[in-house]
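Here's the structure, in structure tokens; my notes come after.
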Amino acid sequence: MKKCFVWIMTALLVAALFLSLVGCDNFEFDFGFGYTVTWKNDDGSVLEVDRRLEKGEVPTYNGKTPTKEEDEDYVYTFNGWTPAIVEVTKNAVYQATYKATPKEKLPTYTITFADYDGTLLFTATVTQGQLPVYGADDPSRQEDDQCIYVFDGWTPALSKATADCTYTATYRSIAKDDDTPYYTVLWLNYDGTPLETDAYVEEGALPTYDGATPTRSSDGDHSYAFDSWSPVIGEVTEDISYTATYRTVDRNLSMTVYAVNDFHGAIEQTGSQAGLGYLATYFKQKGQQPDTLLIDSGDTWQGSIYSNHNHGRIVVDVYNAIGMDVRTVGNHDFDWGLDALRANTAATRGTATLGANIYNYNFNTKQVGYAQQSDLAKETAIFTLENGLKVGVVGVIGEDQITTIDSLYVQEIAFIDHISVIKKQAKALRDEGCDIVICSIHGGQEDVLGNSLSEYVDLVLCAHTHQLENTTEDGVLFAQFGSYGKYFGEITLTLDTLTRKVSTSFKTLYASDVVSDVRTVDSEVQSIIDEYNASCDAEADQVVVKQANGNFSSSGALPNLMCRALYDECVKQGYDDVYLTYVNNARSTLRSGQWTYADLYQAFPFDNEVYIIEVTGQEILNEVAKYNFIYKPDTTDWTVYTNRKYKIAAIDYLVFHTNKSRRYDYFPTNAGRYVGKLEGNYRTILRDWLIDQGFAEFGVLSAGTFSSSGEHFARTNLSNGGTLEVVFQDHDFVVCLPPEKRLFA
């Protein structure tokens, strides 16, 4: 019996010890259940608990970004965790830390209110920019034998504080022997609370309320906005009271945004693409509904023969017809140069073209200027909807996208930090009284997430990466809706007028949803499309390949085909000593069967021109051998000597590519110079080559002939032969300046 008692007591002691250890944050024994990591705010409150973590695992905090309320002196920004996060070896506690930023201290001024005779009535300390308030009943002046005195305001007139100031009471005098009838006018709030009393108002005068705008507190269901006075203000004929009246504002006010991005001039309707006619008709119908905005987040025009043929004017005119509200500038909107962008912006009616972070730039000094380029795009737009909501939109382009544009076209501009611009412009929109602020950025989610934008905006519309995205961070939706008119977005934003919080819901619309909803394209829209398409239908329908066998991949046979055509054109135009030709990916794959010029346009929708440049072997190994596609006529020797110079042909985007610092980075020794330039752009060169080779009428174009493992196309065969001292012929180089301006009618 004693033994049993001893065993029971021993077990209880062990259990108690175990439980006490489990309750300790530093309990280090692993009984197969893993470890616990606790995440706490700096006030000790628990933000998240992660259990059953394995030894060696790096813990991750998955909750909302921790916050700390600002106080009188500081604003606090989350600044990481303490201690530093390490691999799990025991239970751990991490506490949020914050960076304290001092609040800007505005100066204060002493405001003095004095009576007509200099007697001090009241003093107040007022912060710069605030309107002084007289904190007592209206002053009065003793009547005398001849007159009665009525307070008539202050001199000078009250204004926002900028310095110490004295205001002196003024009075209107009424002679005692004046037999003019005078009356008293009372101004009351809705509940009878006196707001202002005007005594001695002359008969026949029109009374004026001089106080602050009346207000009425919100209740659980509604908020209220001052409307007018009851009865209607008229000439005074007796003592009278006016009572403030209010209009009821629903507590929850909603608006809808219809969004599109990266449309890329996809004019024609296909099985997966809505086409411009259906897109425009759908947006026009939705835009006619109250409390709705239509927003395009960029890369609108460039991408098909029907849009490129007129430099995107077909889409501009259709957007004018349907009333598109906002369009943000994208990187491919620069593909025809700044003058083409300016022309399209100038031709836009009713649509706010936005690009708040596009600034002037000096390419030679590498200095960003101070002027936002408003002739290309504005910074923001403000809309007042039918339900009274005031909505602000700020549009930007991703800062790094300057590297995705042919550098020849953007030597006069730069894209400054888009995050700081979003915050600055959003704050300005709030200061303008906007209830809802929307950011439209031609950039992916990775360009904006994690930057505390929830403090500034209520919705972020993304673009550029052609993804279907919807991520909510700190209550703000970050959304993107594919590309080429395959998808669209319908986003509803609801403002709680009592709490001022905005909630968001959305759905993705597929091209088939839009087409089935519309059924018939708007006649005005169809007329615009038909007129533009008629000018290039014949060119679009031109057959360039009668029969292609196999799929010409956008990252294989198709760019290899382009390289071969470019080499033959080099020889034809006198550059038969070119070492190799070189291009990047095509935009789309071309399938077996017949190809038209419109198909070729889909694969190569750019107007890139071809330059002959001289580069070092090291640059070939760094750039050409590692990336993209080539055609090399001589397959007997693939050895490349690093210090030797080679003549190659490539498209302008690659030849003159610059990095974010605007330095030539693909071929730095070339530094913007070139030996020669082919006539025609690379797409027209390929078209003419296919026709000259007879593929438009007879013969079969086989994808297998242009395999990347083929003897002329295997760029991986390029090998480093080290250095080899060679004497080279000097060339008369030309420094490439921005191309000739391309205006169109």
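The table for this structure:
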quantity: Residues satisfying the stated conditions in the stretch 123-156, i.e. among the β-branched types (Val, Ile, Thr), touching a residue at least 24 places away in the same chain (Cβ under 8 Å) and either surrounded by fewer than 16 Cβ atoms within 10 Å (Cβ to Cβ) or under 27 Å from Thr108 (Cβ atoms) (or both); calculated: Val126, Thr127
quantity: Residues of the stretch 428-452 satisfying the condition of being under 14 Å from Val393 (Cβ atoms) and free of Cβ contacts under 8 Å to residues at least 40 places away in the same chain; calculated: Arg430
quantity: Selection status of Val368, touching a residue at least 12 places away in the same chain (Cβ under 8 Å), surrounded by fewer than 23 Cβ atoms within 10 Å (Cβ to Cβ) and aliphatic (A, V, I, L, M); calculated: yes
quantity: Candidate set from the stretch 679-710 (those that are of a type in the set (A, V, I, L, M) and touching a helix residue (DSSP H, G or I) at 6+ places or on another chain (Cβ under 6 Å)); member that is nearest to Thr589 (Cα to Cα); calculated: Ala703
quantity: Those residues of the stretch 19-49 which are modelled with pLDDT of 85 or more and not in a loop (DSSP other than H, G, I, E, B), in sequence order; calculated: Tyr35, Thr36, Val37, Thr38, Trp39, Lys40, Val46, Leu47, Glu48, Val49
quantity: Yes/no for Ser228 being in a strand (DSSP E or B), farther than 30 Å from Gly443 by Cβ, of a type in the set (Gly, Ala, Ser) and more than 24 Å from the chain's Cα centre (by Cα); calculated: yes
quantity: Filter result (of a type outside the set (A, V, I, L, M) and either within 13 Å of the chain's Cα centre (by Cα) or more than 30 Å from Phe667 (Cβ to Cβ) (or both)) within the stretch 365-383; calculated: Tyr370, Gln372, Ser374, Asp375, Lys378, Glu379, Thr380, Phe383
quantity: Gly482 being at positive phi and buried (at least 21 other Cβ atoms within 10 Å of the Cβ); calculated: yes
quantity: Any pair with Cβ under 8 angstrom, 6 or more apart, that starts in the stretch 63-75 at a residue that is farther than 26 Å from Val49 by Cα and ends at one that is surrounded by 13 or more Cβ atoms within 10 Å (Cβ to Cβ); calculated: Tyr74/Ala100; Val75/Ala100
quantity: Strands (runs of 3 or more DSSP E) completely within the stretch 496-603 that count 2 or more residues being surrounded by fewer than 17 Cβ atoms within 10 Å (Cβ to Cβ) and over 29 Å from the mean Cα position of the chain (by Cα); calculated: 543-549, 593-596
quantity: Some residue of the stretch 648-660 being at pLDDT below 95, part of a loop (DSSP other than H, G, I, E, B) and over 39 Å from the mean Cα position of the chain (by Cα); calculated: no
quantity: For Gln411: the one exception among (1) in contact with a Pro (Cβ under 6 Å, 6 or more places away or on another chain); (2) in a helix (DSSP H, G or I); calculated: (2)
quantity: Candidate set: the stretch 304-317, residues that are under 23 Å from the mean Cα position of the chain (by Cα) and either over 19 Å from Glu539 (Cα atoms) or at pLDDT below 95 (or both); chosen: the one surrounded by the fewest Cβ atoms within 10 Å (Cβ to Cβ); calculated: Val316
quantity: Strands (runs of 3 or more DSSP E) completely within the stretch 265-375 that count 2 or more residues being closer than 21 Å to Gly489 by Cβ; calculated: 292-296, 326-328, 352-354
quantity: Single residue of the stretch 661-675 satisfying the filter (among the aromatic types (Phe, Trp, Tyr) and surrounded by 18 or more Cβ atoms within 10 Å (Cβ to Cβ)) that is farthest from the chain's Cα centre (by Cα); calculated: Tyr674
quantity: Candidate set: the stretch 384-405, residues that are part of a strand (DSSP E or B) and buried (at least 18 other Cβ atoms within 10 Å of the Cβ); chosen: the one farthest from the chain's Cα centre (by Cα); calculated: Val391
quantity: The stretch 454-468: number of residues that are over 14 Å from the mean Cα position of the chain (by Cα) and farther than 20 Å from Thr67 by Cα; calculated: 3
quantity: Test: residue in the stretch 472-486 that is in contact (Cβ under 8 Å) with a residue 24 or more places away in the chain, in a helix (DSSP H, G or I) and of a type in the set (Lys, Arg); calculated: no
quantity: Per-region count, the stretch 680-699, residues hydrophobic (A, V, I, L, M, F, W, C) and at pLDDT below 95; calculated: 1
quantity: Residues that are surrounded by fewer than 18 Cβ atoms within 10 Å (Cβ to Cβ) and closer than 23 Å to Thr65 by Cβ, drawn from the stretch 433-453; calculated: Glu446, Leu449, Gly450, Asn451, Ser452
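Here is a yes/no grid of residues against (1) exposed (fewer than 14 other Cβ atoms within 10 Å of the Cβ); (2) closer than 24 Å to Thr497 by Cβ; (3) in contact (Cβ under 8 Å) with a residue 60 or more places away in the chain:
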{"residue": "Arg216", "(1), (2), (3)": "no, yes, no"}
{"residue": "Glu235", "(1), (2), (3)": "yes, no, no"}
{"residue": "Asp239", "(1), (2), (3)": "yes, no, no"}
{"residue": "Arg251", "(1), (2), (3)": "no, yes, yes"}
{"residue": "Tyr278", "(1), (2), (3)": "no, no, yes"}
{"residue": "Gln289", "(1), (2), (3)": "yes, yes, no"}
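The values are calculated or read from the model by the stated rules, or taken from the named source; none is laboratory data. Just so it is clear, the model here is predicted, and its values are computed rather than measured. Quick reminder, even Gly has a Cβ in these numbers, built from the backbone with ideal geometry, and neighbours come from all protein chains shown.
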